[in-house]
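See structure below.
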């Protein structure tokens, strides 16, 4: 990203959510964005995830300039390049875990049998292969977040974006989810995370702090936290 800004017009008021952001994130990095409310971290995450476009500046994603694409072009990039994990899980309540995980594959044009096989494989990777037929209300908060992570993984995206992934979880479950992210990163996935929790940010290898739409600090984490939980059977072996 080079000199990215995002300006919103709300009636007669002009809000500068991002003023001038220049950052470079390499393949395979594990980055946490932090900052107080109004710092611009969610706006930046939306631009990185191609859910929004910058007002000015240039954004290159995997050698493609996505700064000024159409909505349809952005949707295609999102489907191929990015897996999203949200604080509120964003699961369809009446669909099974398998059906929720398979959703991105529908838009990617896969047939039903392939979708089902790929969804079960993704669920197995996060330790939920035996919960494929369960609906969200039959799962714990941690299990629902694992389903959301499996959905993010199912298309083999180049980047995983996690927006407050532990925000709705208790401490024990939060650490289990961060243990899972740690394993994903160890396997080569690029992970970009937004969090307001300092202890959660220290699982990342690089911490970027935003304030007033600008990068305040961008440092390598010298005290990387490693999850001490016990992986569930089937979670990446």
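The values are calculated or read from the model by the stated rules, or taken from the named source; none is laboratory data. If you're wondering where the values come from, they're calculated on a predicted model, not measured in any experiment. For neighbour counting, all protein chains shown are included, and Cβ atoms are generated from backbone atoms with ideal geometry for every residue, glycine included.
If you go through region 62-86 and keep only what is assigned to a strand (DSSP E or B) and crowded, with 19+ Cβ neighbours inside 10 Å, you end up with 82, 83, 84, 85. Among the residues of region 15-23, is any in contact with a strand residue (DSSP E or B) (Cβ under 6 Å, 6 or more places away or on another chain), in a loop (DSSP other than H, G, I, E, B) and at pLDDT 95 or above? Yes, the conditions are met somewhere in region 15-23.
Yes/no per residue for (1) in a helix (DSSP H, G or I); (2) crowded, with 16+ Cβ neighbours inside 10 Å; (3) touching a residue at least 40 places away in the same chain (Cβ under 8 Å); (4) out of contact with any strand residue (DSSP E or B) (no Cβ under 7 Å at 6 or more places or on another chain):
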site	(1), (2), (3), (4)
93	no, no, yes, yes
110	no, yes, no, yes
115	yes, yes, no, yes
122	yes, yes, no, yes
130	yes, no, no, yes
148	yes, yes, yes, no
155	no, yes, yes, no
161	no, yes, yes, no
185	yes, yes, yes, no
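Does residue 103 satisfy the criteria of being under 18 Å from the mean Cα position of the chain (by Cα), part of a loop (DSSP other than H, G, I, E, B), modelled with pLDDT of 90 or more and closer than 22 Å to residue 123 by Cβ? It is false that residue 103 is under 18 Å from the mean Cα position of the chain (by Cα), part of a loop (DSSP other than H, G, I, E, B), modelled with pLDDT of 90 or more and closer than 22 Å to residue 123 by Cβ.
Might you let me know whether region 106-116 holds any residue that is at pLDDT below 95 and closer than 17 Å to residue 160 by Cβ? Yes, region 106-116 contains at least one residue that is at pLDDT below 95 and closer than 17 Å to residue 160 by Cβ. Could you figure out which of (1) within 19 Å of the chain's Cα centre (by Cα); (2) surrounded by fewer than 15 Cβ atoms within 10 Å (Cβ to Cβ); (3) under 27 Å from residue 198 (Cβ atoms) isn't true of residue 22? All conditions are met except number (1).
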